[in-house]
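Worksheet for the structure shown next.
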Amino acid sequence: MCWLRIADDCFPASNFASSWNLGSIQSGELAALQVEVGKFLARKPSWSRVTDDGVQTRAHLETQMASSLALKSPNEYRQCLLSYIRFLAREADESRLREVCEGFLGPPTGMAESTDPKNPAWDPTVLGMRKHKLLREDILPAMASNRKVQRLLNEFVDLLSEYGSIETNVDRVPQPVILPVAVEQS
């Protein structure tokens, strides 16, 4: 069993600390819990365990993504993921952007199988959403907002297109045709 704190006051300096009354997405459990924490914080003196706003913001967004995963909330996960990617792009944090992109790209086709129970096979979906689609339609466009990460962006655009062509070719492998054979009865 693993415990995960999904709503708390650890990130008061995060740029996203008050963004959970989002009318643009369907409010889920995570949003409702964060709103309640916000109401509590309004009555409590503010203080900060971490002084760097950027570190707090990043940690807050990472916690929100983990919480939305734990609550199995795809809309909130996608919203948190996009906020996280935009933040990392704005900060030009190439190492974390690379880590996220590699996680959504997955291993090369044919290498995803694993027989080791400690290292399960890569799952091409997260909360029912296709990882390659999220990478192509959400993550990479969000990264395009900062020219400092352009080289990394181009690298993953190329890799994703290679994966797409490999997957397309695998789908086009001709299947053997089985013809009925007439059997003579004696």
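Here, each number is a calculation from the coordinates, and none is a lab measurement. All values reported here derive from a predicted model rather than from experimental measurement. Positions of Cβ are generated from backbone atoms using ideal geometry, with glycine treated the same way; all protein chains shown enter the neighbour counts.
When a footprinting reagent is the concern and you count Cβ atoms within 10 Å, what order do VAL55, VAL35 take, fewest first?
Details: VAL55 13, VAL35 16.
Fewest-to-most Cβ neighbours within 10 Å comes out as VAL55, VAL35.
Between ARG86 and ASP53, what FRET efficiency follows from the Cβ-Cβ distance if R0 is 22 Å, with the result rounded to 0.05? Walk me through the numbers on the way to the answer.
Details: r = 16 Å, r/R0 = 0.71.
With R0 = 22 Å, the Cβ-Cβ based efficiency is 0.90.
Given the Cα-Cα distance of GLU62 and TRP122 and 0.36 nm per residue of separation, how much length would full extension add, in nm?
Values: separation 60, 0.36 × 60 = 21.60 nm, distance 2.05 nm.
Here the segment from GLU62 to TRP122 would lengthen by 19.5 nm.
If I stretch the segment between VAL157 and MET129 completely, what's the gain in nm (0.36 nm per residue apart, minus their alpha carbon distance), one decimal?
Details: separation 28, 0.36 × 28 = 10.08 nm, distance 1.91 nm.
So the extension gain works out to 8.2 nm.
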